[in-house]
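The values are calculated or read from the model by the stated rules, or taken from the named source; none is laboratory data. Keep in mind it's a predicted model, so treat the numbers as computed, not measured. Ideal geometry is used to build each Cβ from the backbone, glycine not excepted, and the neighbour counts take in all protein chains shown.
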Amino acid sequence: MADGSQSAPLSLKSHVSPEEWATRVELAALYRLVALFGWDDLIYTHISARVPGPEAHFLINPYGLFFDEITASSLIKVDLDGNIIPGASQSQPEYGINYAGYVIHSAIHGARGDAHFVIHLHSPDGIAVASHKEGLLPLNQHSLIVIPRLAYHDYEGIALNLDERERLIADLGEKSLMLLRNHGTLALGPTAAAAFQGIYLLEKSATIQVKTLSAGRNGILLAPDEAREEVRRQTGNPSPEQAALPWPGLLRKLARHSPGYEV
């Protein structure tokens with residue numbers, strides 16, 4: 001795992017704990033990976049990480065940087081009330097945070113102790129499936145893995161109203177994946193690797209569904225009930241070790257195609 005030890009700016013790294021710095025590096029990697037996989041939406045989606053320690057702080061992107069520009073030092077630290085922690089970012093002063101991002105991510109970080117990383121995207125295929133009346137269908141192995149972990153939240157408009165947080169959390173329950181109706185996708189996890197694997201499976205399932213339904217709904221073969229239950233049994237308790245298996249390779253991919261996030 002990259003730790004930014006070679007070129008991290010001392011002016012910021014020396015003022016945060018080693019645990020926070022490691023979290024910053026992993027969160028910056030998530031932003032770069034989302035851009036590399038083509039899931040970004042200019043500056044309009046967001047990924048966050050809880051800062052280790054007793055304070056209820058989390059890190060989120062500066063509202064104005066593209067995802068392939070995010071670095072560990074540029075991430076902004078905020079509290080659950082949306083206050084930016086002074087001196088906790090090397091982003092330019094004009095960059096604040098996306099308020100809708102604050103609403104969504106503060107809700108999840110405040111309610112779910114296991115939500116160390118939270119990813120929210122507006123990919124075309126994710127929005128397409130989130131806008132489909134039937135939601136994610138049991139069409140393939142990817143979707144059968146996702147469906148037991150998947151929650152839904154109805155669209156209420158741009159997420160600018162604080163009272164939506166209660167309904168979002170109620171709909172999420174204990175699930176780790178969500179389709180925000182008419183809006184996009186969401187994944188959370190105890191590690192960056194787990195959150196990425198969750199969003200990868202959800203996005204892959206959405207893309208497969210869009211391709212499958214491109215010829216129409218008639219004649220589509222849904223997985224048999226017995227197979228659905230078998231996959232649910234086989235994948236019911238995903239281990240952190242399993243989610244971590246692709247992570248080193250993903251970081252190697254970043255080193256080749258999007259270096260510099262770890263500074």
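Just a few scattered comments:
- When the helices (runs of 4 or more DSSP H) confined to segment 157-263 are screened for residues that are more than 24 Å from H132 (Cβ to Cβ) and in contact (Cβ under 8 Å) with a residue 12 or more places away in the chain, those reaching at least 1 such residues are found at 164-172, 192-212, 240-244, 247-257.
- The residues of segment 42-58 that are buried (at least 18 other Cβ atoms within 10 Å of the Cβ) and either β-branched (V, I, T) or under 14 Å from G96 (Cβ atoms) (or both), listed by number, are T45, H46, I47, V51.
- Any hit, segment 33-42, residues being at pLDDT 95 or above, aliphatic (A, V, I, L, M), assigned to a loop (DSSP other than H, G, I, E, B) and out of contact with any helix residue (DSSP H, G or I) (no Cβ under 8 Å at 6 or more places or on another chain): yes
- A88 meets the conditions (1) on the phi > 0 side of the Ramachandran plot; (2) at pLDDT below 95; (3) of a type in the set (G, A, S) in every case but one. The failed one is (1).
- Screening V129 on (1) surrounded by fewer than 21 Cβ atoms within 10 Å (Cβ to Cβ); (2) at negative phi; (3) more than 16 Å from the chain's Cα centre (by Cα) shows it passes everything except condition (1).
Listed here are the residues, each with its yes/no results for (1) in contact (Cβ under 8 Å) with a residue 60 or more places away in the chain; (2) assigned to a loop (DSSP other than H, G, I, E, B); (3) under 17 Å from T185 (Cβ atoms).
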site	(1), (2), (3)
Y63	no, yes, no
S73	yes, yes, no
I119	yes, no, yes
I127	no, no, yes
E134	no, yes, yes
L137	yes, yes, yes
H142	yes, no, yes
V146	no, no, yes
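- A count restricted to segment 62-88 and to residues that are out of contact with any helix residue (DSSP H, G or I) (no Cβ under 6 Å at 6 or more places or on another chain) and not hydroxyl-bearing (S, T, Y) stands at 16.
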